[in-house]
Amino acid sequence: MFSGVRATVRQETNTVSAEQKFVYDFTEGNKDLKDLLGGKGANLAEMTNLGLPVPPGFTITTEACKVYLETGDEPAQLRDEVSAHLAALEQQMGKKLGDSADPLLVSVRSGAKFSMPGMMDTVLNIGLSDASVSGLAAQAGNDRFAWDSYRRLIQMFGKTVLGVEGELFEDALEAAKTAKGTSDDLDLDAADLKAVVDTFKGIVRSHTGREFPQDPREQMDLAVHAVFDSWNSDRAKLYRRQERIPGDLATAVNICSMVFGNLGADSGTGVAFTRDPASGHQGVYGDYLQNAQGEDVVAGIRNTVQLADLEGLDKASYDQLMSIMATLEGHYRDLCDIEFTIERGKLWMLQTRIGKRTAAAAFRIAVQLVDQGVIDLDEALHRVTGSQLAQLMFPRFDESTKAERVAWGIAASPGAAVGKAVFDSYTAVKWSRSGEQVILVRRETNPDDLDGMIAAEGILTSRGGKTSHAAVVARGMGKTCVCGAEELEVDTKKRRFTTADGRVVEEGDLISIDGSTGRVYLGEVPVVPSPVVEYFEGTLHAGADEDGGLVQAVHRLMAHADVRRRLVVRANADNADDANRARRYGGQGIGLCRTEHMFLGEERRREVEHLILADNDKDREAALSVLMPLQKGDFVELFQAMDGLPVTVRLLDPPLHEFLPDITELSVRVALAEARKDPNENDLRLLQAVHKLHEQNPMLGLRGVRLGLVIPGLFAMQVRAIAEAAAERRQGGGDPRPEVMIPLVGTVQELEIVRDECEQVLAEVAAATGVALNIKLGTMIELPRAAVTAGQIAEAAEFFSFGTNDLTQTVWGFSRDDVEASFFTAYLEKGIFGVSPFETIDRDGVGALIKHAVREGRATRPDLKLGVCGEHGGDPDSVHFFHEAGLDYVSCSPFRIPVARLEAGRAAIETAGSDSR
């Protein structure tokens, strides 16, 4: 009956269909109606259905909130529906809302589909007023309790609904305690609290221009609207962005009859977990606070006791709570987070939900539940995520220590790194070689910084985002990185950075960066190592795990993911060290070898400069003849490391200017030399070449396949190096399986010309060596035109690899190096997209092109092999899309291989589950 309910909402009016239902009693819903009733309302209904002690109440649906947010007014019939359910609640409780003799009080609480703890609003004790507070005192036989509840209402209502600064109420309460000579709320008697109420009402009057509302229904209606509005509060929007919760879901509102934990020592409130949410271990976990209401536990105004201590305070309630906890965990088949109140020895359940947990707890609990026969391995794998696995793989700071945070940037590459701040690559390498741990600090990095990035423990930049150079390279190396720390003013010339509050960090000062949170600290923050990485590296056997079974849990779920997944997982690797690491981490080949990285380093850069400066065939061939054996040697090592597995080698892709000195630095050098009347002929030629190669938009200029077409012999040299290396390995008894990939193809004619050249070279090498070479030739699909004409391109390509970094850039018209720092924050805040399209694949745009290319390419060539080699290949959400799109493999940095393996298994399970439904 309820699952099909949807609101028909118009943007310009709050008119809805006559049959629309916006309010549900707790007895009407169930846990499967989270879209409609929110998580809190659905679970309150579920506990009611289970016969657990839940205070009666009702839920206003998320659909009502959507109407309110879209039109600025509640649905026309909502007031009547609320009135009907309120009347039923009053009849059930035998009390009237705000009645002067025996008032019914209610709470008004938010509740979205996905848990957003503390992000939206709650108001307790609705219904109290000057007229009803005495009645509550008389019924409870406790004047202090009644006035305490009233001051809580004014305080919460004033802050949440009326927008009064919360500190004003807190300061007034502190003043009352100071006047009493105490620091404990409980020492304030009824007279003290009555005076506090008068003060609070004065604060409301002076800061809002109105009296605190005395009409209980007005209180309730205003509180409902405040909860609706809180869906779009800054903190709620920020939380949704962080947790990737869609912004169009809205919140439900739960109106629940009040039960009171602040009636005395036989009352209290608490939070319980059926298992430890931090470690996953079974036991009694939670906190309890006597003589308090729910917000007191969260606010920390008094010290709580451990949940186990409740047994000594109220054994009957404790035993009942333990029984209910077992019931809920058995019913939900998972860790449950529970809120409860005890009112004069009577236990009430106020909320339950699937509990949030740490990454380590997620893996442990999933395997525990398998061993207990509660769930199977498929369900266990479904309950853990690649993001959680990534958290477990990087060193992390010890959260028990206090540290001084000085900036907060973009969490670009997870991990924890400590070192001395250095401001250039040369110093990073020099200090590192002398045994120093360093953090490379730059405004932004470029390829020339690679040596320093390798030498550093971590990278910190004041500019850039998650797909900036620093971020992409750092993730590929498994290096901790924080980008876009805009609070820092980095001065590389003076070798220092300045914090927002004016503190100066000089070169050599110790700093710590947290790539999992984006935080930057002064001094050294202790770190704890990751046993999960030791397991993947092979230095820690799963059976020898001493970390509470964590590694064993990871081992079992990874093994099941490998059994279930269809997608092959390869690595983006450019050298033998990365290839060997990829194999240890479960990689099944190389999906992207970037040959341009083989030209980095001072010696090889000089040889590339010679190639660029060559202005005749003789000089060009001479330069290529020097580079060819260097390339061949690299490939021999790579094929040896990946023996028996495919290695996809991308021919030279970036613009040639990236291999030349910076134009500004070179111009200064030439000018200074001329001023000394000592010109350097090589620098002059380099400067001429830099000017000649200068492009307004080099990423869309002379690069990729275009280089191979306009620089004679360049691609032929690379293909010859690949072929000769493969032949040498095969002659030595190896099993090399190289594949040649031509980048940035936009039309089949480009590919056909280069393919003919490649086939000629392969034939020559095969004839010269006597080794049969079966080397596939394919292309990257990274331009919209290539995706649209994939059927034509497949006639000349044996495989496609989607270069999703450039494809995203060209589909969106974004400059990847600029947009994240310049306006992505605004786009995220305005809801234009929920996550950067460079981080997670844009299914509607880029994804649609990929699906089209898959369909058209395989229509032309049914055995066309399809993969992806952009950064998205290791992104958990994107892996699921690539599985759905029918790709054969994903390729990512070695450190992301376990994440991709896990998510590939989860994607297969989810697809099988949806197919069975």
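The values are calculated or read from the model by the stated rules, or taken from the named source; none is laboratory data. Quantities reported herein were computed from a predicted structural model and do not represent experimental measurements. FYI the Cβ positions are ideal-geometry reconstructions off the backbone, even for glycines, and counts take in every protein chain you see. What goes into the accessible areas is simple: the full protein's heavy atoms, side chains included, and nothing from ligands, DNA or RNA. Shrake-Rupley method; radii C 1.70, N 1.55, O 1.52, S 1.80 Å.
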Item to check | When region 550-621 is reduced to its Cα atoms, the Kirkwood hydrodynamic radius in Å | outcome: 15.5 Å
Checklist entry - Rule-of-thumb check for region 818-891: C-alpha Rg over 2.2 N^0.38 Å? => result 1.26
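Over region 147-290, what lengths in whole Å, largest first, do the semi-axes of the equivalent ellipsoid take, defined as the square roots of 5 times the eigenvalues of the alpha-carbon gyration tensor?
Working: eigenvalues 171, 126, 46 Å².
Gyration-tensor ellipsoid for region 147-290: 29, 25, 15 Å.
Kindly report the accessible area of the chain per residue (heavy atoms of protein chains, probe 1.4 Å, no ligands, DNA or RNA), in Å².
Details: 37790 Å² over 917 residues.
Solvent-accessible surface per residue comes out at 41 Å².
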Next on the checklist: Give me the dipole magnitude in Debye, nearest 20, for the chain about the Cα centre, with unit charges on the beta carbon: positive for Lys and Arg, negative for Asp and Glu.
Outcome noted: 920 debye
Checklist entry - How far, in degrees from 0 to 90, does helix 315-332 lean away from the longest principal axis of the Cα atoms of the chain, to the nearest 10? => result 40 degrees
Checklist entry - Counting only protein heavy atoms, what percent of the accessible surface of region 706-746 is carbon or sulfur at a 1.4 Å probe? => result 45 percent
Next on the checklist: I need the P(r) histogram for region 773-828: all alpha carbon pairs, bin width 10 Å from 0 out to the longest distance, whole percents.
Outcome noted: 22, 38, 23, 13, 3, 0
Next on the checklist: Show me, for region 353-361, the HN-Hα J-couplings you get by feeding each phi into the Karplus relation (A = 6.51, B = -1.76, C = 1.60, θ = phi - 60°), rounded to Hz, glycine and proline as x.
Outcome noted: 7, 5, x, 5, 8, 6, 4, 4, 5
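DSSP loop trypsin sites (Lys or Arg not before Pro) in region 200-260 with at most 16 other Cβ atoms within 10 Å of their Cβ, which ones? Intermediate results must be reported in sequence, preceding the final value.
Details: sites: Lys201, Arg205, Arg210, Arg217, Arg235, Lys237, Arg240, Arg241, Arg244; in loops: Arg210, Arg244.
Within region 200-260, the qualifying trypsin sites (Lys or Arg not before Pro) (loop, at most 16 other Cβ atoms within 10 Å) are Arg210, Arg244.
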Checklist entry - By DSSP, what percent of the beta bridges with both residues in the chain are antiparallel, rounded to the nearest 5? => result 60 percent
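Kirkwood hydrodynamic radius (Cα pairs, Å) of region 678-833?
Numbers: mean 1/r = 0.0544 Å⁻¹.
Computed over Cα pairs of region 678-833, the Kirkwood hydrodynamic radius comes out at 18.4 Å.
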Checklist entry - For region 377-514, what % of the accessible area comes from carbon and sulfur atoms, probe 1.4 Å? => result 45 percent
Next on the checklist: Using all alpha carbons of the chain, what is the percent of pairwise distances in each 20 Å bin, ordered from the shortest bin to the longest?
Outcome noted: 12, 38, 32, 15, 3, 0
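First compute the accessible area of region 816-878 with a 1.4 Å probe, then give the percent of it belonging to carbon and sulfur atoms. Display every interim value, and only then the final one.
On the way: 1310 of 2730 Å².
Carbon and sulfur atoms account for 48 percent of the accessible area of region 816-878.
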Checklist entry - In degrees from 0 to 90, rounded to the nearest 10, what is the angle of the helix 714-731 Cα long axis to the longest principal axis of the chain? => result 90 degrees
Checklist entry - Applying the Karplus parametrisation 6.51 cos²θ - 1.76 cosθ + 1.60 with θ = phi - 60° to the phi angles of region 745-750, what ³J(HN,Hα) value in whole Hz is obtained for each residue in order, glycine and proline being reported as x? => result 6, x, 8, 4, 4, 4
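Rg to Rh ratio, region 315-400, alpha-carbon atoms and Kirkwood radius?
On the way: Rg = 16.1 Å, Rh = 14.9 Å.
For region 315-400, the value is 1.08.
As a test of the formula, what do you get for the chain when each DSSP H run with n ≥ 4 contributes -39,500 (n - 2.57) and the sum is divided by the residue count, at 222 nm and rounded to the nearest 500 deg cm²/dmol?
-14000 deg cm²/dmol
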Checklist entry - Based on the alpha-carbon gyration tensor of region 12-112 and its eigenvalue square roots a ≥ b ≥ c, which shape applies: rounded if a/c is under 1.5, prolate if not and a/b is larger than b/c, or oblate? => result oblate
Checklist outcome for this item: Between the Cα axis of helix 602-613 and the main Cα principal axis of the chain, the angle (0 to 90°, nearest 10) is 60 degrees
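For Arg605 and Gln696 in one chain, what is 0.36 nm times their gap in residues minus the Cα-Cα distance, to one decimal in nm?
Working: separation 91, 0.36 × 91 = 32.76 nm, distance 2.33 nm.
Result for the pair: 30.4 nm of gain on full extension.
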Checklist entry - What ratio of Cα Rg to 2.2 N^0.38 Å holds for region 586-713? => result 1.24
Checklist outcome for this item: For Lys776, the lysines lying under 30 Å Cα to Cα, once residues fewer than eight places off in the same chain are dropped, come out as Lys632, Lys851, Lys865
